[in-house]
Amino acid sequence: MHVRHSPPMPTPRPRLDSRTLIRALVLVGMLLSTTASTYFLFKEQSAQESVLKRFGRLTSEPFASQRPEWGPRIGSLALARLVFHREHSREQRAEEIARYFSGAFFVTGLCYVLTSPAAAPFMLLGTFSALFYCSTERAEDTWYPWDAPALCLAAAALCLALRRQRVALALLCIAAVPFKETLLVMALFLLFMEGHPLRRRVLWTAVTVALGAALRLGIELKLGAAVEHARFLHVHGKSERPLRILDNMHHLFNLELNHVLWVNAGLWALVFFIPCEDRVLAGFRWIAASLYLGLFLAGSFNEFRIFLEALPGSLLLAQRLFATAPARAGGRPT
């Protein structure tokens, strides 16, 4: 007697939940909207004569002819040369710069989505807010070709760090040096990745930083321009000018409304007080502290754009703070 076996039932395909679809549409809509807003913001910003002249000089003169601290940023300069054409009309050049920055914003937004779809809307709005504040009066229209790649690469580093992609993160930190050497501070994420003894984590970090620093020095030697690194501690990189630390003290303690405290969507100082249970994300506060210290010594605190590398991590810390807030007055936790 043969027993008939009924054919196996096909596994039902998971149905697309309407809420999931709406979330995806909201994400796409916000990403495209904030990208478009960034385009128009920078179209207005790049219409400034100072910005057009700066991009024209940086994208036309040889790398070795640039200021010593700028010339080795060959990745950013080469990328800007692909989209900016000095011979074009004023309107065309302004549009090229606007496309450059809005394209970088779009890529940054994609990194946010890959990092945390739930946090991405908050981070998109926070990033546009921060970019807008970077265009206020005290910042003096000081946009440069490396500002856009720095934001993108910082967002990518955050994504890789939270995914615990150790090798990819180390390679990214080294590869980011020709775009902006301050991104090498992201290698400190390696110190906070679980799964390996502290000694091994320190070794990974030290090797990554050493290779990144060697790459920077190698580029400087290849360009052939004499580099006196101590000059970077002075305003405009000129040893006869005051130390940047004195200039930055002035910016810290002035009482003007257009203050550095409101940088990075108001998280410039608050980032150090935001608690976080994720070991890697909590470690970002040490990265921000290291970046701030370097900028305090060799940066200009009135150029708010120099803090953009700390923006993605600061925004995610803030979002996580509210996402894990306890329920109050009968409400439900988010």
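Scanning for something more than 23 Å from PHE105 (Cβ to Cβ), out of contact with any helix residue (DSSP H, G or I) (no Cβ under 8 Å at 6 or more places or on another chain) and either open to solvent by 10 Å² or more (accessible area, probe 1.4 Å) or of a type in the set (Ser, Thr, Tyr) (or both), does the range 167-181 turn up at least one residue? Yes - at least one qualifying residue is present in the range 167-181. The set of residues from the range 162-174 being without any contact (Cβ under 8 Å) to a residue 40 or more places away in the chain and within 22 Å of TRP146 (Cα to Cα) comprises ALA168, LEU169, ALA170, LEU171, LEU172, CYS173.
Screening GLU220 against (1) open to solvent by 60 Å² or more (accessible area, probe 1.4 Å); (2) among the charged types (D, E, K, R); (3) part of a helix (DSSP H, G or I) leaves a single unmet condition, (1).
Conditions tested, residue by residue: (1) closer than 25 Å to GLU61 by Cβ; (2) out of contact with any strand residue (DSSP E or B) (no Cβ under 7 Å at 6 or more places or on another chain).
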{"site": "ALA210", "(1), (2)": "no, yes"}
{"site": "LEU233", "(1), (2)": "yes, no"}
{"site": "ASN254", "(1), (2)": "no, yes"}
{"site": "VAL260", "(1), (2)": "no, yes"}
{"site": "CYS276", "(1), (2)": "no, yes"}
{"site": "LEU281", "(1), (2)": "no, yes"}
{"site": "SER300", "(1), (2)": "yes, yes"}
{"site": "PHE307", "(1), (2)": "no, yes"}
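Given the structure, is LEU203 assigned to a helix (DSSP H, G or I), at pLDDT 95 or above and more than 30 Å from THR324 (Cβ to Cβ)? Answer is yes for this residue. Scanning the range 54-69 for residues that are within 21 Å of the chain's Cα centre (by Cα) and either free of Cβ contacts under 8 Å to residues at least 60 places away in the same chain or not in a helix (DSSP H, G or I) (or both) yields one hit, GLU69.
Restricting to the range 243-274, and then to whatever is open to solvent by 80 Å² or more (accessible area, probe 1.4 Å), part of a loop (DSSP other than H, G, I, E, B) and out of contact with any Lys or Arg (no Cβ under 8 Å at 6 or more places or on another chain), can you tell me which residue is nearest to PHE296 (Cα to Cα)? Here the answer is LEU255.
LEU255: at pLDDT 95 or above and either of a type in the set (Gly, Ala, Ser) or out of contact with any His (no Cβ under 7 Å at 6 or more places or on another chain) (or both), yes or no? Before you say what the answer is, go through the steps one by one.
Working: at pLDDT 95 or above: no; either of a type in the set (Gly, Ala, Ser) or out of contact with any His (no Cβ under 7 Å at 6 or more places or on another chain) (or both): yes.
The answer is no for LEU255.
Give all pairs with beta carbons closer than 7 Å in which a residue from the range 180-195 that is farther than 17 Å from GLY71 by Cα meets a residue that is polar (S, T, N, Q) and open to solvent by less than 40 Å² (accessible area, probe 1.4 Å); count only pairs at least 6 apart in sequence or on separate chains. Pairs that qualify, where the first residue is farther than 17 Å from GLY71 by Cα and the partner is polar (S, T, N, Q) and open to solvent by less than 40 Å² (accessible area, probe 1.4 Å), are ALA187/THR205; ALA187/THR208; LEU188/THR205; LEU190/THR205; LEU190/THR208; LEU191/THR205.
When ARG231, ARG285, ARG305 are checked against the criterion of being part of a helix (DSSP H, G or I) and touching a Ser or Thr at 6+ places or on another chain (Cβ under 6 Å), ARG231 stands alone in meeting it.
The values are calculated or read from the model by the stated rules, or taken from the named source; none is laboratory data. Predicted model only: the values in this text are computed from it and were never measured. Quick reminder, even Gly has a Cβ in these numbers, built from the backbone with ideal geometry, and neighbours come from all protein chains shown. Quick note on the areas: whole protein, heavy atoms, side chains included, nothing else; ligands and nucleic acids left out. Shrake-Rupley method; radii C 1.70, N 1.55, O 1.52, S 1.80 Å.
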